[in-house]
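Written below as structure tokens is the structure these notes are about.
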Amino acid sequence: MATDGTKLSAEEKTGSPAASDAEAVEAGYVSSRRRRLPGFSWEVRQEESSFATTKNASNADFDPIPPSKRTWNWGAYVAYWMADAWAVSNWEVASSMIAVGLSWKMAIGACVLGNTLMGLVITINGRMGATLHTPFPVLSRMPFGYYFSYFVVLSRCVLAIVWLGVQTTTGGQCMTVLLTAIWPSFADIPNHIAEDEGITTAGMCGFVLYFLLQLPFLCIPYTKVQYFFGFKSVIAPIIFLAVFGDTLHKAGGTISTSTVITDDNKIGGSVLAWAFFSNLNGVLGNYATLGLNIADFSRYANKPSAQNVQAIVIPVIFTIVGLLGIFTAAAAQTAYGRIIWNPIEIIDLWMASGSHGGRAAAAFGAIGLIIVTLGINISANSISAANDLMSFAPKYIDIRRGQLLAAFIGSWAFVPWKILASAAKFLAFLGGYTIFLGPMTSILITDYFIVRRGNVSVPDMYNFHGMYRYSQRYGSNWRAVLAFFIGCIPPLPGFVDNIVVAGDGTTGVSEGGQHLFNIGYIYSFAAAGIFYWGFNRFFPHKESMMDHPETGEDIIAANDAKVIEERRAERAERRPGLFARMFEV
């Protein structure tokens, strides 16, 4: 890092004409303002290679990832999706499909098709991050403009924080099972929380303990977190296969008598077709969030092709998890007398006999599911939320602070235990939110690959007055804004109807409006992309069009080498311990 007082303007760093009148920024800036904690600064570190024209616009984590921190190979992405796929929600994905009348084969067909399509979307969109090494909030400025990109980022951020809280509640349930397995009397703790809150005193104890447990895991640096994903990718299959194997054993080794397997489609004709499309839309929506912001993870790729494995691993592993969930639910019907989709409930039943063996099995199962939920909260929620929060206050928030802030907001401000227990309308809102994510994803992909053909300027993405401002007054690209609303407004009545019906209400929305919502993600994705391309074809913004990409890679690499040497010298001088090295970026 540069010595204090050294100043580099954006023009000196990149030669970008858009930044010629930009304010200079101190290289390697760290605030000298300290608080009571020694070594702590409210303002975060900003590396010398930053393209930001002011210290309020970026920090070391928000900058393009330098070569030394591009540590994810193809195996890391396999581990990432293994960590994400082995989840209770994916295990239960077919339950709602079978409940509306689809056969298990049709349900798996929807899973395979939906996950294949989403795998392609994620891989294509991830190419941007793997090539430019910038986070999603920065990339969104390219098509949407500086101001409207904040709306796009906020839309993604709220979802990530809410789901972080929901997964924390799931983890708290696993912790409650673990505590009960170790101390059976834990289940007899008197409840002092109102019934309509959706949680008991014992459940709140498990929730608090799990929340505290996950905090240090959220501090694992992004350059090392793939090793935790690798660990979870081994533990998670063992736990879920154990649940399946034990349930199948108790069912006498067969699932052929279960109604889950024997029942055919209970509906037919157009009703069956629309039910299939509705559930396909649900599968697409399950990971539409990561389809939008996958650059937050693909930016760590050691080469652009490293993340291509996602196109294969996503449909394969998610299909396997969905199949095991179906077969376990079928076996549970014989083993326990009823269909059980939730593996946490099955693990809880292991303690029913009161034997030491049953309690030990439940304890190990609960530990495994705790590891599972920890991995999901990191891979799907906390890092994404941190990048989004960082875009609003990069002077004060880096990835680590963003993850902790998101954890506190999601786990306490949104009262997620109440969401899971009673807020059917809110859950329907979260599930239908894909009609807004689809257009955003499509516009981002269309802009980079079709409109600009990869010829973009990374320095201008960090320059508030650069070429991606579009309008001096509004700071937004009207083409993207209009295409976004064209994509999301037509399915909106069906979206409202879905929320009202979830609360046992009725609306006057036509059958056609409901059907359009049933293909909401597909429609909004296609419509927004086509119209955005058309607007740029007939009304191009020539000022932002380039004939070559400008990534500033040479500047990033040169400063990265300099920072590495300085850190080696610093490390040799102070000799940090093992614990410090574990959490060092």
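The values are calculated or read from the model by the stated rules, or taken from the named source; none is laboratory data. All figures in this text were calculated on a predicted structure; none of them were measured in a lab. Note: ideal-geometry Cβ built from the backbone for every residue, glycine included; neighbour counts use all protein chains shown. Calculation scope for accessible area: heavy atoms of the full protein, side chains included, ligands and nucleic acids excluded. Shrake-Rupley method; radii C 1.70, N 1.55, O 1.52, S 1.80 Å.
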> Does residue 520 meet the test of being open to solvent by less than 70 Å² (accessible area, probe 1.4 Å), farther than 30 Å from residue 50 by Cβ and without any contact (Cβ under 8 Å) to a residue 24 or more places away in the chain?
Replying inline: no
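Out of 183, 163, I need the residue that is under 16 Å from residue 384 (Cα atoms), open to solvent by 60 Å² or more (accessible area, probe 1.4 Å) and of a type in the set (Phe, Trp, Tyr). Which one?
Numbers: 183 fails: under 16 Å from residue 384 (Cα atoms).
The unique qualifying residue is 163.
Anything in the stretch 166-222 that is of a type in the set (Phe, Trp, Tyr), part of a loop (DSSP other than H, G, I, E, B) and in contact (Cβ under 8 Å) with a residue 40 or more places away in the chain? List them, or say none.
Hit for the stretch 166-222 is 222, nothing else.
Any idea which residue in the stretch 79-118 is nearest to the chain's Cα centre (by Cα), counting only those that are among the β-branched types (Val, Ile, Thr) and open to solvent by less than 40 Å² (accessible area, probe 1.4 Å)? Spell out the reasoning first.
Step one: list which residues in the stretch 79-118 are among the β-branched types (Val, Ile, Thr), which gives 88, 93, 98, 100, 108, 112, 116.
The next check asks that each one be open to solvent by less than 40 Å² (accessible area, probe 1.4 Å); those that pass are 88, 93, 98, 108.
Details: 88: 16, 93: 17, 98: 26, 108: 23 Å.
Residue satisfying both the conditions and the ranking: 88.
Those residues that are in a helix (DSSP H, G or I) and among the charged types (D, E, K, R), I need them from the stretch 297-354; list them, please. Explain how you work it out, then say what you get.
Here is the first cut: in the stretch 297-354, the ones in a helix (DSSP H, G or I) are 297-298, 304-336, 343-349.
Selection gives 345, 348.
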> Applying the selection to the stretch 223-273, what residues are in a loop (DSSP other than H, G, I, E, B), under 30 Å from residue 383 (Cβ atoms) and open to solvent by less than 20 Å² (accessible area, probe 1.4 Å)?
Replying inline: 223
> If the Cβ limit is 6 Å and pairs must be 6+ apart or interchain, which residue in the stretch 278-291 that is modelled with pLDDT under 95 pairs with which residue that is of a type outside the set (A, V, I, L, M) and open to solvent by 20 Å² or more (accessible area, probe 1.4 Å)?
Replying inline: 278/518; 281/518
> Scanning the stretch 186-211 for residues that are open to solvent by 70 Å² or more (accessible area, probe 1.4 Å) and more than 25 Å from residue 354 (Cβ to Cβ), which turns out modelled with the highest pLDDT?
Replying inline: 192
>> Which count do you get for residues in the stretch 311-361 that are more than 32 Å from the chain's Cα centre (by Cα), among the polar types (S, T, N, Q) and closer than 18 Å to residue 236 by Cα?
In response: 0
> Just checking, which of 509, 500, 496 is farther than 24 Å from residue 146 by Cα, out of contact with any helix residue (DSSP H, G or I) (no Cβ under 8 Å at 6 or more places or on another chain) and of a type in the set (A, V, I, L, M)?
Replying inline: 496
> If you scan the stretch 432-460, which residues turn out to be modelled with pLDDT under 95 and outside any helix (DSSP H, G or I)?
Replying inline: 433
> residue 429 fails exactly one of the following numbered conditions: (1) under 30 Å from residue 57 (Cα atoms); (2) part of a helix (DSSP H, G or I); (3) open to solvent by 20 Å² or more (accessible area, probe 1.4 Å). What is the number of that condition?
Replying inline: (1)
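Please determine whether any residue of the stretch 157-175 is farther than 24 Å from residue 286 by Cα, in contact with a helix residue (DSSP H, G or I) (Cβ under 7 Å, 6 or more places away or on another chain), at pLDDT 95 or above and not β-branched (Val, Ile, Thr).
Looking only at the stretch 157-175, we keep the residues that are farther than 24 Å from residue 286 by Cα, and these are 175.
Filter again for in contact with a helix residue (DSSP H, G or I) (Cβ under 7 Å, 6 or more places away or on another chain), leaving 175.
Now narrow it down to the ones that are at pLDDT 95 or above: 175.
Filter once more, keeping what is not β-branched (Val, Ile, Thr): 175.
The answer is yes; a qualifying residue exists.
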> Does residue 493 meet the test of being buried (at least 17 other Cβ atoms within 10 Å of the Cβ) and either without any contact (Cβ under 8 Å) to a residue 24 or more places away in the chain or closer than 25 Å to residue 441 by Cβ (or both)?
Replying inline: yes
> Which of the residues belonging to the stretch 528-558 are part of a helix (DSSP H, G or I), modelled with pLDDT under 95 and either under 31 Å from the mean Cα position of the chain (by Cα) or surrounded by 18 or more Cβ atoms within 10 Å (Cβ to Cβ) (or both)?
Replying inline: 553, 554, 555, 556, 557
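Among residues belonging to the stretch 453-490 that are among the polar types (S, T, N, Q) and surrounded by 16 or more Cβ atoms within 10 Å (Cβ to Cβ), point out the one that is farthest from residue 519 (Cα to Cα).
First, the residues of the stretch 453-490 that are among the polar types (S, T, N, Q): 455, 457, 463, 471-472, 476-477.
After this cut, where a residue has to be surrounded by 16 or more Cβ atoms within 10 Å (Cβ to Cβ) as well, the list is 457, 463, 476-477.
Values: 457: 35, 463: 38, 476: 29, 477: 27 Å.
The extreme case among them is 463.
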>> Can you tell me which condition residue 498 does not meet? The list is (1) surrounded by 19 or more Cβ atoms within 10 Å (Cβ to Cβ); (2) under 28 Å from residue 63 (Cβ atoms); (3) at pLDDT below 95, and all the others hold.
In response: (2)
>> Can you go through 511, 573, 565 and tell me which one is at pLDDT 90 or above, over 27 Å from the mean Cα position of the chain (by Cα), surrounded by fewer than 12 Cβ atoms within 10 Å (Cβ to Cβ) and not basic (Lys, Arg)?
In response: 511
